[in-house]
Amino acid sequence: MSTLYQPDKKLFSWMRDIRRDLHRHPEIGFKEFRTAERIKEKLKELDIPFRSGIAGTGIVATLGKQSPEAPWVALRADMDALPIEEKTGLSFSSKNTGVMHACGHDGHVAMLLGAGALLKQTELTGNVVLLFQPSEEDSGGASHMIKQGALENVDAIFGGHIDRHLKVGEIAVEPGIISAYTDRFDIEIRGRGGHAAKPHETVDSIVVASLLVMSIQTLVSREVNPSHPTVVTVGRIQGGNAANVIADHAVLQGTIRTTLPTVRNKIISGLTRMVDSMKDLYGAETSVKITKGYPPIINHPEATAIAKDAAEQVVGPHGVIGLPHPSLGGEDFSYYLERIPGCFVRFGAKDDEHKNAPAHSPFFHFNEKVLTVGASFLAHAAATTVTRINELK
């Protein structure tokens, strides 16, 4: 383990205060106006130059040599919260009704600012870009940042996510695919409504929707190799307005999570086939719309090796673990990795003092000691990458 880039108690307290301030005032994607102002205040405090207004509320800060010829490494944090009513009871709970930092992005921002503070303490032989990105949860803010030049000159990128399944002092580093495609489907069913006592005169859209919900499950259980992680979830069903009326219209909405393009195509094809079959089976008119989501995160081998080395510097070899299976969650960090090499890791943040609630839960909270781990890792990853690139020149 290295003694370089290790936050002291003062820096930890500084990061924790930032995290709690952002937690009190969460903002959803592309509306992170107050969040951006706080980040700019802290960057000025650190004397780190920045450009704001990238993709609306995004910020790109740069420190180091400021030379195009020197190596460029980017570190990324997402800024947005979720439309969830907080129920943690924390002293710094959300003051914004119906909005909550339920995924740890407030911690990610604090970590990245902490990494900036650590990197300012040494003379860099390259350039480090700090990306504060809007709207990871909804609209793929990463793609908007890229379109507006956030990756200009950048050779590699690193990021991470808080993970309550892992202990503080553990960093999960894995090459290859570690997340899923996040596709959405919208199914519309148009039957023929009528009196509940005379079903023979109707085409019941509720019955058709119910049969589709059950049939869709066989796409995974009977049409996909069990060794390929796949999930198809119907998250919303809507139809009907009265107990004694057979509905003429119903809607199903859900998500498809896959890690392989072939499986993704097979699921989409199978779903379309099942939806289309409802006309022949039950006389219902149906349609399905597929909205392509985020691609999977695919960590690059060389960048993963650097990330592992950086993680060992922070938590020691015993604290670096792998990910035996890809997560079926989505992450728009994948858009960065489609352009340049990089690696995305997970920071252990299990908190035994609070209810073990998952991400996107109104009870979500994490162990704030992870802020020290995350900041140190990001700083080490950037500095190590700069050194490696310089050695290759």
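The values are calculated or read from the model by the stated rules, or taken from the named source; none is laboratory data. Not measured: the values here are computed from a predicted model. Because the Cβ atoms are built from the backbone with ideal geometry, glycine has one as well, and the counts that use them run over all protein chains shown.
The table that follows gives values for the structure above.
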{"quantity": "Neighbours by Cβ (under 6 Å, 6+ apart or cross-chain): first from the range 1-28, farther than 21 Å from F377 by Cβ and in the same structural domain as A307 (by TED's automatic domain parsing); second acidic (D, E) and part of a helix (DSSP H, G or I)", "calculated": "H23/D106"}
{"quantity": "Options V288, V345, V386, V370; residue that is over 19 Å from the mean Cα position of the chain (by Cα), under 25 Å from V129 (Cα atoms) and not charged (D, E, K, R)", "calculated": "V386"}
{"quantity": "Which numbered condition G53 fails, given (1) under 27 Å from K369 (Cβ atoms); (2) surrounded by fewer than 16 Cβ atoms within 10 Å (Cβ to Cβ)", "calculated": "(1)"}
{"quantity": "Lone unmet requirement of (1) modelled with pLDDT of 95 or more; (2) in a loop (DSSP other than H, G, I, E, B); (3) of a type in the set (K, R) for R346", "calculated": "(2)"}
{"quantity": "Search result, residues across the range 234-260 that are under 28 Å from the mean Cα position of the chain (by Cα) and touching a residue at least 24 places away in the same chain (Cβ under 8 Å)", "calculated": "I237, V251, L252, Q253, G254, T255, I256, R257, T258, T259, L260"}
{"quantity": "All positions within the range 206-225 that are touching a strand residue (DSSP E or B) at 6+ places or on another chain (Cβ under 9 Å) and within 16 Å of R236 (Cα to Cα)", "calculated": "I206, V207, V208, A209, S210, L212, V213, I216, Q217"}
{"quantity": "Tally of residues being in contact with a Gly (Cβ under 6 Å, 6 or more places away or on another chain) and buried (at least 21 other Cβ atoms within 10 Å of the Cβ) across the range 138-157", "calculated": "3"}
{"quantity": "The range 293-331, residues that are among the charged types (D, E, K, R) and either outside the structural domain of L166 (by TED's automatic domain parsing) or over 23 Å from V232 (Cα atoms) (or both)", "calculated": "E302, K308, D309, E312"}
{"quantity": "Members of the range 201-233 found to be among the acidic types (D, E) and free of Cβ contacts under 8 Å to residues at least 12 places away in the same chain, listed by number", "calculated": "E201"}
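Yes/no matrix, rows are residues, columns are (1) more than 27 Å from E27 (Cβ to Cβ); (2) in the same structural domain as R16 (by TED's automatic domain parsing):
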{"residue": "D106", "(1), (2)": "no, yes"}
{"residue": "L118", "(1), (2)": "no, yes"}
{"residue": "T125", "(1), (2)": "yes, yes"}
{"residue": "S135", "(1), (2)": "no, yes"}
{"residue": "A142", "(1), (2)": "no, yes"}
{"residue": "Q148", "(1), (2)": "no, yes"}
{"residue": "L166", "(1), (2)": "yes, yes"}
{"residue": "T218", "(1), (2)": "yes, no"}
